[in-house]
Amino acid sequence: MTTRKHLILPVAAAVLVLGGLAGCTSSSDPTPAASNGSKQAAGGASTPLPTIPTGTGIISDTKMTSCDTTGSNVTAKGTVTMPKESKGDVVVSVSWVNSKNSSVYGRGVTTLKDLNGGDQKEWTTSATLPAGAESVSCVLGAVIPK
């Protein structure tokens, strides 16, 4: 009986681990690639999501003062302050996502040009949400592009 207990416990643990890992994998990409190589919005939207350039993140210097989460045409607004040691453009992005599964419904991207260190500018960006979008949350991003 003791030998059976020693065998059952490791086998049960292995089954649980493998079952948990199987739930983390996907057999296909849930957001198909658009013809131009960018990802499409979740929920069947046919418009590709705008891309966000790589660069230095400045999210701590970026504030979102409002963000619509209902309706089909949504807008977000806020301010960004260029860090004192930097100058150039700032790209602000807002992704409207499903807070339950993190799928992206839409994204707005705006570029603020030629800022100097310490400059504060207001920004606005918008997107279109698909019909039936639920559990919508706004995710803010901001970078100084490379």
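The values are calculated or read from the model by the stated rules, or taken from the named source; none is laboratory data. Every value quoted in this text rests on a predicted model; they were computed, and no experiment measured them. Ideal geometry is used to build each Cβ from the backbone, glycine not excepted, and the neighbour counts take in all protein chains shown. Ligands, DNA and RNA are excluded from the accessible area calculation, which covers all protein heavy atoms including side chains. Shrake-Rupley method; radii C 1.70, N 1.55, O 1.52, S 1.80 Å.
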Report the accessible area of residue 95, computed with a 1.4 Å probe over the heavy atoms of all protein chains in place, in Å² rounded to the nearest 10. 10 Å²
Using protein chains only and a probe of 1.4 angstrom, how many square angstrom of residue 63 are accessible, to the nearest 10? 110 Å²
Segment 40-146 - charge dipole about Cα centre, Lys and Arg +1 at Cβ, Asp and Glu -1, debye rounded to 20: 100 debye
Using DSSP to define loop residues, name the GluC sites (Glu not before Pro) in segment 84-146 whose beta-carbon has at most 14 other beta-carbon atoms within 10 Å. 85, 134
Distance violations [Cα-Cα > 19 Å] among 87/113; 87/146; 77/100; 63/146: 77/100; 63/146
Give me the accessible area of residue 49, 1.4 Å probe, in Å² rounded to the nearest 10. 20 Å²
